[in-house]
1. Once ligands and nucleic acids are excluded and a 1.4 Å probe is used, how much of Arg293 is accessible, expressed in Å² to the nearest 10?
2. Span-like helices, the chain: DSSP H, alpha-carbon axial extent 24 Å or more, mean Kyte-Doolittle 0.0 or greater, which ones?
3. Just check the range 192-311 against the gyration tensor rule for me: Cα atoms, a ≥ b ≥ c as the square roots of the eigenvalues, rounded for a/c under 1.5, and otherwise prolate or oblate depending on whether a/b exceeds b/c.
4. With r defined as the distance between the Cβ atoms of Thr282 and Asp258 and R0 fixed at 22 Å, what FRET efficiency is calculated, to the nearest 0.05?
5. How many angstrom separate the Cα center of the range 84-148 from the Cα center of the range 68-82?
6. Give me the 1.4 Å probe accessible area per residue for the chain, excluding ligands and nucleic acids, in Å².
7. Could you tell me the calculated FRET efficiency between Arg229 and Asn140, based on Cβ-Cβ distance and R0 = 45 angstrom, to the nearest 0.05?
8. For the chain, what's the relative contact order in percent, using C-alpha pairs closer than 8 Å and at least 6 residues apart?
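The values are calculated or read from the model by the stated rules, or taken from the named source; none is laboratory data. Everything quoted here is computed from the prediction, not taken from an experiment. Virtual Cβ from ideal backbone geometry, glycine too; neighbours counted across all protein chains shown. Heavy atoms of the whole protein, side chains included, go into the accessibility calculation; ligands, DNA and RNA do not. Shrake-Rupley method; radii C 1.70, N 1.55, O 1.52, S 1.80 Å.
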Amino acid sequence: MKAPRIRLGDLSVGFTQALADALRAKGQPPEPLFEQFGLDAARLSEPRARLSIPRFMRLGHSAIGLCDDPALGLEMGNHSRLSQVGLAGICAAQAPNLREAARTLTRFEPLYAANYRGRSGFSEDARGAWLHFYSISPYNAYNRFVVDSVLAGWQSNLGQVVGHRITPDKVEIEFPPPAYGERYETQFGCPVEFEAGANRLRLSNETLRRHNPQHCPGTWHHLMELCERELDQLTRTRSLRERIIQLLGPLLHGHEPDLQEVARSLHLPSWTLRRKLAEEGTQFRTILNDTRRDLATAYIRDTELAFGEIAYLLGFASAEAFQRAFKRWLGQTPGDYRRTQRRAGSEAQSSVASSSASNPS
């Protein structure tokens, strides 16, 4: 049985504009690279167009190789603009203050980005707030730039709301300091802690209270209504099964979640969840197995992760347990599946190249 093709996540193609500007600032025209990834002017102009997370990571990795700067993600953040994240960004740009702008960017994140690994958040307390980006570990040359670009992008975007650069109190990053580690404090202007428990910016109450000089109350409320309507349209048609699948991605890391844990996340008694799933003609164990299978094929097909890392992300006790389950699902080993998918991808690229050569524009 062929597993359905699912995405590990995707984001608005608007994010690539910051990458393009960062390349131009380094004297590298982005157009040839973007065309290799199917990002021509027509594609970049499509409303609601999205780019898969793995493809975005490969694009960033290629861009880093092109300009020979592993800190390109930080530079990309400097070129980030609120308009590049669509309606949510335009709405945040009209927020009355920096606090409301941060709330807006995180609340409406599904309008411009989605990832099975989790969602960004804004956690407030008496002294300020943490603006945090979910974990995408294990980290490698393909995904560190994503954390760099998101955190630096938040700094840039929130600065645009209040009309001047903002300085966080502290920045925490999950991975160890890379070779370009000294550039983080230069970028953020504050202490940076590596190998921390999260990827996040600390913002003081003084910073959060800063006023937006461009704020117009009527426009702000109108844009909030539009965002709420878009978010409702995006989520209201999801079945209970789809809501559980969305929860399972981050819950799987390092362990196998049970029905009780998922029920708590849905704010339902476990017996109610079991009954509702039966009414939809399914059960929790079936959803869990299907989700693991579909995520496994996506990770193997679309990333460079080792099988042991994939086993951890899917909550298996060992790489061997994962490989046994995968063979039971698809009738072949993870290694055979990856080789088959890579071979098919190479053949497809060769076919496209041959077609382009025989039909020059």
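1. Accessible area of Arg293: about 30 Å².
2. Working: long enough: 144-162 (28 Å, 0.60); 217-235 (27 Å, -0.69); 284-302 (26 Å, -0.65); 334-358 (36 Å, -1.22).
Qualifying helices: 144-162.
3. Working: a/c = 2.21, a/b = 1.41, b/c = 1.57.
It is oblate, given that a/c is not under 1.5 and a/b is not larger than b/c.
4. Efficiency for this residue pair is about 0.85.
5. Taking the Cα centre of each part, the range 84-148 and the range 68-82 sit 16 Å apart.
6. 48 Å²
7. Working from the Cβ atoms, E equals 0.70.
8. Rounded, it is 17 percent for the chain.
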